[in-house]
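Shown next, in structure tokens, is the structure this report addresses.
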Amino acid sequence: MVVTILRSISGLCAVSSSSNLPRGNSAAKHRMTAIKSVPTNPPPPPSGVRRRRKNKDENMVENPYFKTESARPDLRKTLSDFLEEARDFVGDGEGPPRWFSPLECGAQAQGSPLLLYLPGIDGTGLGLIRHHKELGEIFDIWCLHIPVRDRTPVKDMVKLIERTIRSEHCHFPNRPIYLVGESIGACLALDFAAKNPNIDLALILVNPATHVNNFMSRMLSVLPDGIPTLLEDAFGFKQGDLLKGMIDALSNEFSVQRMGGLGGRMLRDLFAVSANLPTLCRMFPKDTLLWKFEMLKYAITSVNSLIYSVRAETLILPSGRDQWLHNDEDIDRYASTLPKCIVRKLDDSGQFPLLEDIIDLATIIKFTCFYRRGKSHDYISDYIVPTLFEFKQQLDDHRLLMDAISPVMLSTLEDGTVVRSLEGLPSEGPVVYVGYHMLLGFELAPMVGLLMKHRNIHMRGLTHPMVFMYIRDSIVDPKTFDKYKLMGGVPVSNMNFYKLLREKAHVLLYPGGVREALHRKGEEYKLFWPEQSEFVRVASKFGAKIVPFGVVGEDDIFKIVLDSNDQRNIPILKDLMEKATKDAGNIREGDESELGNQDCYIPGLLPKIPGRFYYYFGKPIDLADKEKELKDKDKAQEVYLQAKSEVEQCIAYLKMKRESDPYRHLLPRMLYQASHGWSSEIPTFDL
């Protein structure tokens, strides 16, 4: 038998012998494993920029994104797996609460912060079972297991958590500690955070309990004591296994595993619950349920009295279809009270969102930029590169746009030859791509996606800070900007630009910024670059290459019918525009220039039959060994004006050449693909 060593939060349970292990058929069934010892000197955090690797021939570069179309999500454990593994945990019904580290979480990156999971009403500590692999790559995960018969009061439970966190904080004072609390676990996390404002915490509150439904409490109080026993007698282990077999057969008969959508998930969950009724009976006996609800009431009362003392940054993930333990008014109150709080509602989730296949906690953390290894989030070193499946999802989300515009990609080789491919782009950084920003940035998704897929070039875009701001009651849903953060967008600043070049990254920079992306009528393909820019001098410090590029095609898909000038004459739209501009932080007092008055607004657009997008990357401008020369502002200004001029030439070239493209319009492209195959490459003009 295996002896499993656990570090108890109170020191009460240092060793669990073989006779006290949870039930299981083999050593592989034992879910608890010794918590890994923590080195006294944590290694430096890895860079957020993924390095390119060469194969054995040293001539070809491996591109992990080339086969994106065949990417599949990692096989994740299901609700059935949760209930089956919980069977081992509820068998060990005695003893104090204890920490364990899941076996799937043994491959975290060096310097990963500690994540402590505080379970919901089930108490097993297995609530993250579907997320162990993904989270285990970026966190050191410990889960709290509360035995079924444990009756530790809330205040003592918080003290036990406090001992563990204080110990780890002493070992790693410069590393944040993440607390992921679900329902009642969220209350424990807030309670601890309120009493320890000086510890660097990041709270993730999943479906937090804010009140107890009185009907549920009354229903439990009149529940007969014999019902769990009767259920277990009716669906005992042998009969339960038989029932599971019958349900599995029924599942296969009706192809439940192939069903999609909410109905399919609900049916699969129903089968899983039905097959594990004995486990549920042992997990939630009446006396334990009553104790948990009393514990919940006390925890909620305690949190409500201490909520104003919480100083930790918080991410709240409330379920949209759960009305038992919280309501929207409570969540709004928490959001307005907690000083650094983000609320991201899980609209289609129910009581246990972390066990649903539509929720990926690691991806949500990326979407909200909630991951950090130090005192504050660093958009460069703390960035997590998207997984292959996450990248595929981004491509799929823009599949309709890609099919509608059939992008043409042109680049320039070192000898000046223009080719229809991305072959002319530099493979190694640092590289700065400067170009024209189309209306609402429609060019971004195809360009970033195709460069990553075909050349393994990960463009890190310098992005408007509005994308990274969480503003309550904003007229723009923050989820709109998820794709920019997932794909490596960075708030535009001189420091971030410097850091990206230092990391030899491929940096995407639009000198025209918001003014170009939200231009007015008749301003298509007009550059709004400032008179001077420092990006040339900074790029020269690292010997970077500047790649000018142009894009045309926006006038082939939309027509602007209401620009900012028009909206200023409509009172309602004027108020919305002023609010958006204020939210974006674009009001610059005393700056009357064109760039100092960048309005943020949603233009009124009239769609057209989609035309075609054309991208042209000019010949790179090499700044290697030119740092001393470009310290002269006049010399740097010459390079800046050269880059601007080449962007304008790229646009002019594309506007002229597209007139001779027989497949510029949608119908000829559809006819071509119908006769040659939908995956065939559509020709374009002669180069």
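Is the stretch 130-149 home to any residue that is assigned to a loop (DSSP other than H, G, I, E, B), of a type in the set (D, E, K, R) and more than 29 Å from Gln110 (Cβ to Cβ)?
Taking the stretch 130-149 first, the residues assigned to a loop (DSSP other than H, G, I, E, B) are 130-131, 137-139, 146-149.
Next, only the ones that are of a type in the set (D, E, K, R) stay: 130, 137, 149.
From what's left, more than 29 Å from Gln110 (Cβ to Cβ): 149.
Yes: the stretch 130-149 contains one or more residues that are assigned to a loop (DSSP other than H, G, I, E, B), of a type in the set (D, E, K, R) and more than 29 Å from Gln110 (Cβ to Cβ).
Which number in (1) modelled with pLDDT of 95 or more; (2) surrounded by fewer than 21 Cβ atoms within 10 Å (Cβ to Cβ); (3) touching a Pro at 6+ places or on another chain (Cβ under 8 Å) marks the one condition that Asn496 misses?
(3)
Just give me the residues in the stretch 162-176 being assigned to a loop (DSSP other than H, G, I, E, B) and surrounded by 12 or more Cβ atoms within 10 Å (Cβ to Cβ), in sequence order.
Phe172, Arg175, Pro176
Counting just the residues of the stretch 618-663 that are assigned to a helix (DSSP H, G or I), in contact with a helix residue (DSSP H, G or I) (Cβ under 8 Å, 6 or more places away or on another chain) and hydrophobic (A, V, I, L, M, F, W, C), which one comes out farthest from Val552 (Cα to Cα)?
My answer is Leu630.
So which of Lys297, Lys345 ends up being free of Cβ contacts under 8 Å to residues at least 40 places away in the same chain, in the same structural domain as Ile146 (by TED's automatic domain parsing) and among the basic types (Lys, Arg)?
Lys345
Kindly list, by first and then second residue, each pair from a residue in the stretch 632-645 that is in the same structural domain as Val432 (by TED's automatic domain parsing) to a residue that is in a helix (DSSP H, G or I) and surrounded by 13 or more Cβ atoms within 10 Å (Cβ to Cβ), limited to pairs with Cβ atoms under 7 Å and residues at least 6 apart or on different chains.
Ala636/Val536; Ala636/Arg537; Ala636/Leu630; Val639/Val536; Val639/Leu630; Tyr640/Val536
Looking at Asp563, Asp482, Asp555 in this structure, which one is surrounded by fewer than 21 Cβ atoms within 10 Å (Cβ to Cβ), in contact (Cβ under 8 Å) with a residue 12 or more places away in the chain, under 19 Å from Tyr615 (Cα atoms) and out of contact with any Leu (no Cβ under 6 Å at 6 or more places or on another chain)? Give the steps one after another, and end with the answer.
Values: Asp563 fails: under 19 Å from Tyr615 (Cα atoms); Asp482 fails: under 19 Å from Tyr615 (Cα atoms).
Just one listed residue meets the conditions, Asp555.
Among Ser411, Ser406, which is the only one that is among the small types (Gly, Ala, Ser) and either within 18 Å of Glu69 (Cβ to Cβ) or modelled with pLDDT under 95 (or both)?
When all the criteria are applied, what remains is Ser406.
Give the residues of the stretch 441-459 that are under 22 Å from the mean Cα position of the chain (by Cα) and either more than 24 Å from Thr68 (Cβ to Cβ) or part of a helix (DSSP H, G or I) (or both), sorted by residue number.
Answer for the stretch 441-459, where residues must be under 22 Å from the mean Cα position of the chain (by Cα) and either more than 24 Å from Thr68 (Cβ to Cβ) or part of a helix (DSSP H, G or I) (or both): Gly441, Leu444, Ala445, Pro446, Met447, Val448, Gly449, Leu450, Leu451, Met452, Lys453.
So Gly461 fits all but one of (1) touching a His at 6+ places or on another chain (Cβ under 9 Å); (2) modelled with pLDDT of 95 or more; what number is the exception?
All conditions pass for Gly461, except number (1).
Which pairs do you get when a residue that is outside the structural domain of Val432 (by TED's automatic domain parsing) and surrounded by fewer than 21 Cβ atoms within 10 Å (Cβ to Cβ), found in the stretch 510-522, comes within reach of a residue that is aliphatic (A, V, I, L, M) and at pLDDT 90 or above, reach meaning Cβ atoms under 9 angstrom, with the pair 6+ apart or on two chains?
Pairs found: none.
Which condition does Pro96 not pass, out of (1) surrounded by fewer than 21 Cβ atoms within 10 Å (Cβ to Cβ); (2) in contact with an Asp or Glu (Cβ under 7 Å, 6 or more places away or on another chain); (3) free of Cβ contacts under 8 Å to residues at least 40 places away in the same chain; (4) not basic (Lys, Arg), if it passes all the others?
Unmet for Pro96, out of (1) surrounded by fewer than 21 Cβ atoms within 10 Å (Cβ to Cβ); (2) in contact with an Asp or Glu (Cβ under 7 Å, 6 or more places away or on another chain); (3) free of Cβ contacts under 8 Å to residues at least 40 places away in the same chain; (4) not basic (Lys, Arg): (3).
Could you tell me how many of the residues in the stretch 200-236 are in a loop (DSSP other than H, G, I, E, B) and modelled with pLDDT of 95 or more?
Residues flagged as in a loop (DSSP other than H, G, I, E, B) and modelled with pLDDT of 95 or more within the stretch 200-236 amount to 1.
Going by the conditions given, is Asp575 surrounded by fewer than 20 Cβ atoms within 10 Å (Cβ to Cβ) and at pLDDT below 90? Write out each step before concluding.
Working: surrounded by fewer than 20 Cβ atoms within 10 Å (Cβ to Cβ): yes; at pLDDT below 90: yes.
Yes.
The values are calculated or read from the model by the stated rules, or taken from the named source; none is laboratory data. Everything quoted here is computed from the prediction, not taken from an experiment. Positions of Cβ are generated from backbone atoms using ideal geometry, with glycine treated the same way; all protein chains shown enter the neighbour counts.
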